[in-house]
Amino acid sequence: MQDYVLPTQLTDSLKDIPGFDKAAFENEHASGKQVTSVRINPSKVNTVPASLMAAKAVPWTKFGYYLSERPSFTFDPIFHAGAYYVQEASSMLLEQAFQQLVNLVEPLKVLDLCAAPGGKTTHIQSLISHDSVLVTNEVIRNRVNILTENITKWGAANVIVTNNDPSDFTRLEALFDVVVVDAPCSGSGLFRKDPQAVEEWSLESVTHCSLRQQRILKDIWPVLKPGGILIYATCSYSTAENELIADWLTTTNDAVSLRLEGLSNWHVVETLSPVHNNFGYRCYPYLLDGEGFYLTCFKKGGEPVFDIVKSVKYQADKKLVPHFDKWLKPNHELQFYQFKEQVFAMPKNTFDLFMLLQSKLNIRKAGVKIGDWARAELIPGHALALSNVYNPDLPALQLEKEAAINYLRRTDFNIDNVSKGWLIIMYEHFSLGWIKGLGNRLNNYYPKEWRIRN
Ligand code: SAM
């Protein structure tokens, strides 16, 4: 049992909302029940790794699983390899919005505006096609690092990470097919998971968040193409951050509310906003296995526009390309980009969008850094080893679990007869990073800032 009191100002304000049941809500929070779920990376695994002891699938996504207990993710090398992401299950409902409202076969430009630490971003990346591009943005500077780390481990080449305020995006009109706003909110939906959050909650913070959400949506609306889809979500129960935001959006913009089918099968509650009857979807932890969550979707009015982004010329020095090729999957169709000695590879669509964005946004990562060109050779990048573009025929070294953890800690580990040169470190069939064999010893190239510290 948890020893805390839910704010009565919150429970009183929710009493008329569909699906809200005060007694069930209070019991659920008092129970201390914790739900652990993960979402697998389909570019690295086909099913949930056996070591996680998955109990059952999360029904509204192809990739989510509940675990029977919470393991130590820090000491699971597969976690560091980006084979799965630990994510609260209700948030995975985002997949239904994509599956039902977006043509996922098309090459899309998707913006995830409030993206750190990267739960929804890694999920979106698994849903879109390889010739789509995901721009994933986080305004708070010190949260961009964790976003970059998570997307690097996810391994996809068609992602651009930016660090901008939503207002910076007004420079880019009618560019994106889909914009996801997982808005900063008062966080009441996470009270069961994080009882500490209860103390930070207040009606003032709900009002403050609601005004900020309107500002974010106002700034970002122009960047959506006419005919494009906006997906707005919060982890708050308050109508001021959910249905009233949906009403504000359709009052101030040419936006049409979109309905999702079949969610009630999983006890997700459909709501209608009070003024414009906009559809919204609420998750309550006493009705399903997940935390509090709200999702609403809109289509932007107006005639669809055709892509204006023009192909731009190949940037990397052509003479060097044969040196890059041997590190990459055969027959790849990647474009290279060089920034001083750093070399990046990305699909053509990502490259075109990157060229357009680079003068307008603060880009922190685009595509996969395949390495640094130094003294007439490529020093392979960590991101390459974690990516889905590296050449599977490169020399590799298979480690057992204890040695893999030592590798991830950057502590010494002994390997007899390690061959000379660059080797990909493998644990089971997941690549973890690079070492360089020097004959009688080896150098560990796992990034210092990502090492396991405890
Ligand atoms: N989408 C993330 C995920 O699934 O892992 C969680 C996002 S969290 C709910 C909201 C994010 O919005 C935070 O990373 C926060 O730093 C960011 N944020 C805070 N203030 C913001 C603002 N004024 N504009 C845009 N984003 C903001």
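The values are calculated or read from the model by the stated rules, or taken from the named source; none is laboratory data. No experiment lies behind these values; they were computed from the predicted model shown. Using ideal geometry, Cβ is built from the backbone for each residue, glycine included, and neighbour counts are taken over all protein chains shown.
State yes or no: is Ala174 in contact with a helix residue (DSSP H, G or I) (Cβ under 9 Å, 6 or more places away or on another chain) and on the phi > 0 side of the Ramachandran plot?
Yes, satisfied.
Rundown of residues vs (1) of a type in the set (A, V, I, L, M, F, W, C); (2) modelled with pLDDT of 90 or more; (3) closer than 25 Å to Leu175 by Cα, yes/no style:
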| position | (1), (2), (3) |
| --- | --- |
| Phe306 | yes, no, yes |
| Gln315 | no, no, yes |
| Pro322 | no, no, no |
| Glu333 | no, no, yes |
| Phe344 | yes, yes, yes |
* Inter-residue pairs, beta-carbon under 7 Å, first farther than 21 Å from Lys22 by Cα and in segment 261-285, second in a loop (DSSP other than H, G, I, E, B) and modelled with pLDDT under 95, 6+ apart -> none
* Asked: free of Cβ contacts under 8 Å to residues at least 40 places away in the same chain, under 30 Å from Leu175 (Cα atoms) and either surrounded by fewer than 17 Cβ atoms within 10 Å (Cβ to Cβ) or touching a helix residue (DSSP H, G or I) at 6+ places or on another chain (Cβ under 9 Å) (or both), is that true of Lys360?
  -> no
* Can you name the residue in segment 215-226 that is within 11 Å of the ligand (Cβ to nearest atom) and either without any contact (Cβ under 8 Å) to a residue 40 or more places away in the chain or surrounded by 15 or more Cβ atoms within 10 Å (Cβ to Cβ) (or both) and, of all such residues, is nearest to Val135 (Cα to Cα)? -> Ile220
* Asked: Any idea which of (1) assigned to a helix (DSSP H, G or I); (2) more than 13 Å from the ligand (Cβ to nearest atom); (3) without any contact (Cβ under 8 Å) to a residue 24 or more places away in the chain is the one Asn142 doesn't satisfy?
  -> (2)
* Pairs under 8 Å by beta carbon, first residue within 8 Å of Val180 (Cβ to Cβ) and outside any loop (DSSP other than H, G, I, E, B) in segment 107-119, partner within 13 Å of the ligand (Cβ to nearest atom) and of a type in the set (D, E, K, R), six or more apart or different chains? -> Asp112/Lys120; Asp112/Asp182
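Go through segment 95-111 and count every residue that is closer than 15 Å to Thr350 by Cα and within 14 Å of the ligand (Cβ to nearest atom).
Just the residues of segment 95-111 that are closer than 15 Å to Thr350 by Cα, to begin with: 106-111.
Filter again for within 14 Å of the ligand (Cβ to nearest atom), leaving 110-111.
Looking only at that region, the number is 2.
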* **Residues of segment 117-136 classified as polar (S, T, N, Q), under 15 Å from Asn163 (Cβ atoms) and more than 8 Å from the ligand (Cβ to nearest atom), total** => 1
* Considering segment 172-197 alone, what residues qualify as being hydroxyl-bearing (Ser, Thr, Tyr) and within 12 Å of the ligand (Cβ to nearest atom)? -> Ser186
* Select, from Asn349, Asn388, Asn443, the only residue that is part of a strand (DSSP E or B) and of a type in the set (S, T, N, Q). => Asn443
* Asked: If you go through segment 141-160 one residue at a time, do you hit one that is buried (at least 23 other Cβ atoms within 10 Å of the Cβ) and touching a Cys at 6+ places or on another chain (Cβ under 8 Å)?
  -> no
* To do: Taking Gly433 as meeting all but one of (1) under 30 Å from Leu108 (Cα atoms); (2) part of a strand (DSSP E or B), write down the number of the exception.
  => (1)
* Asked: Which condition number does Glu200 fail, the rest of (1) modelled with pLDDT under 95; (2) within 9 Å of the ligand (Cβ to nearest atom) being met?
  -> (2)
* Of the residues that make up segment 244-254, is at least one buried (at least 21 other Cβ atoms within 10 Å of the Cβ), modelled with pLDDT of 95 or more and within 15 Å of the ligand (Cβ to nearest atom)? -> yes
